[in-house]
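Trainee: Mind looking over this structure? Questions follow.
The values are calculated or read from the model by the stated rules, or taken from the named source; none is laboratory data. These numbers were taken from a predicted model, which means no experiment stands behind them. Cβ sites come from the backbone with ideal geometry, for glycine too, and all protein chains shown count toward neighbours.
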Amino acid sequence: MSILENIRIVLVEPIFGGNIGSVCRAMNNNDITDLAIVNPRPTTDWDDARKLSCNAKDQLEARKEFATLEEAIAGCTVVAGTSARTGFYRDNACSPREFGQIGLESAKDHKIALVFGREDKGLTNEELALCTHIIQIPSSEHYTSLNLSHAVMVCCYELFCASETFQPAEEKADEADSEFRERMFALWREMMIKTEFTHDQKLEHMMMGLRRIFSRGKLTVPDVKILMGLAKQSIWVSEQWQKTIKDK
């Protein structure tokens, strides 16, 4: 069982069906599937929710609905409420990244919850009082309120990254050694001479610049083969051009 299966996303009285669908998509992007909705509105546009959920329609249909927040978080150890407002006890809020380790530590053995409020007024003080932690998402002071699905995405993303579930692709090709790179530089030197890219007095200066360029990142064996092929082809084209001029 993945640790992310112990994370529940709780939406309190969401207004727009489209936001609910977008939340499902954001959750699935981050391998979090437990969605709870507190007191869903009878006017909710579920067709719009299904449309914006895209390939997360199964997630939308698997949602759990509760009459109260207390019921939605029952059995959860860590409960984090999100809030853009500051002041009073909100001053001890943590960022989603800071919460990542806190939440996952408890999620190893228990269900935890992240609670998101209404699009127009967020969570009430009484609802925040039920939370063990408050999350405040860093944002510009010009506009601190985030769209509901965006807020869910940010929080889920930080938990997903902290879980180290994602493994980026690794370079499989061997790194080119010094001898192989020097063969490449020799070809590029010859290419710059034969194509008249630079004059003799500037050649060494250009070669140092070329070395700096190719030293800014790791060069693999396939990389060097491509660069050597480019130099060889340029030399060949230059030689053919010189022959054409002589024949004339």
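Trainee: Restricting to the stretch 177-203, count the residues that are within 16 Å of Phe214 (Cα to Cα), of a type in the set (Lys, Arg) and without any contact (Cβ under 8 Å) to a residue 40 or more places away in the chain.
Mentor: Summing the residues that are within 16 Å of Phe214 (Cα to Cα), of a type in the set (Lys, Arg) and without any contact (Cβ under 8 Å) to a residue 40 or more places away in the chain in the stretch 177-203 gives 1.
A quick yes/no check of all residues on (1) modelled with pLDDT of 95 or more; (2) under 27 Å from Ser178 (Cβ atoms); (3) surrounded by 10 or more Cβ atoms within 10 Å (Cβ to Cβ):
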residue	(1), (2), (3)
Leu203	no, yes, yes
Met206	no, yes, yes
Phe214	no, yes, yes
Gly217	no, yes, no
Leu227	yes, yes, yes
Leu230	yes, yes, yes
Val237	no, no, yes
Trp241	no, no, yes
Thr244	no, no, no
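Trainee: Can you pull out the residues in the stretch 100-134 that are in contact with a Gly (Cβ under 7 Å, 6 or more places away or on another chain) and among the hydrophobic types (A, V, I, L, M, F, W, C)?
Mentor: Correct list: Ile112, Val115, Leu123, Leu128, Cys131, Ile134.
Trainee: For Pro168, are the conditions met, namely being of a type outside the set (A, V, I, L, M), out of contact with any Cys (no Cβ under 6 Å at 6 or more places or on another chain), part of a loop (DSSP other than H, G, I, E, B) and outside the structural domain of Lys111 (by TED's automatic domain parsing)?
Mentor: Against the criterion (of a type outside the set (A, V, I, L, M), out of contact with any Cys (no Cβ under 6 Å at 6 or more places or on another chain), part of a loop (DSSP other than H, G, I, E, B) and outside the structural domain of Lys111 (by TED's automatic domain parsing)), Pro168 qualifies.
Trainee: Something else about it: Between Glu70, Glu127, which is surrounded by fewer than 17 Cβ atoms within 10 Å (Cβ to Cβ) and over 15 Å from Val152 (Cβ atoms)? Steps first, answer last, please.
Mentor: Working: Glu127 fails: surrounded by fewer than 17 Cβ atoms within 10 Å (Cβ to Cβ).
Testing whether each residue is surrounded by fewer than 17 Cβ atoms within 10 Å (Cβ to Cβ) and over 15 Å from Val152 (Cβ atoms) leaves just Glu70.
Trainee: Of the residues Ile37, Ile7, only one is β-branched (Val, Ile, Thr), farther than 17 Å from Ile135 by Cβ and buried (at least 20 other Cβ atoms within 10 Å of the Cβ); which?
Mentor: Ile37
Trainee: Filter the stretch 95-136 down to residues that are assigned to a helix (DSSP H, G or I), polar (S, T, N, Q) and under 24 Å from the mean Cα position of the chain (by Cα), then give me how many there are.
Mentor: 2
Trainee: Which of the residues belonging to the stretch 197-248 are more than 40 Å from the chain's Cα centre (by Cα), part of a loop (DSSP other than H, G, I, E, B) and of a type outside the set (S, T, N, Q)?
Mentor: Across the stretch 197-248, the qualifying residues are Phe197, His199, Lys248.
Each row is one residue, and each column tells you yes or no for (1) farther than 30 Å from Asn28 by Cβ; (2) without any contact (Cβ under 8 Å) to a residue 24 or more places away in the chain.
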position	(1), (2)
Met153	no, no
Ser163	no, no
Glu175	yes, no
Met206	yes, yes
Pro222	yes, no
Ser238	yes, no
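Trainee: State whether the residues of the stretch 11-31 include one that is under 16 Å from Met153 (Cα atoms), modelled with pLDDT of 95 or more and of a type in the set (Val, Ile, Thr).
Mentor: Checking the stretch 11-31: at least one residue is under 16 Å from Met153 (Cα atoms), modelled with pLDDT of 95 or more and of a type in the set (Val, Ile, Thr).
Trainee: Any residue at all in the stretch 91-102 that is within 16 Å of Pro40 (Cα to Cα), assigned by TED's automatic domain parsing to the domain that holds Ile7 and of a type in the set (Val, Ile, Thr)?
Mentor: No, because not a single residue in the stretch 91-102 is within 16 Å of Pro40 (Cα to Cα), assigned by TED's automatic domain parsing to the domain that holds Ile7 and of a type in the set (Val, Ile, Thr).
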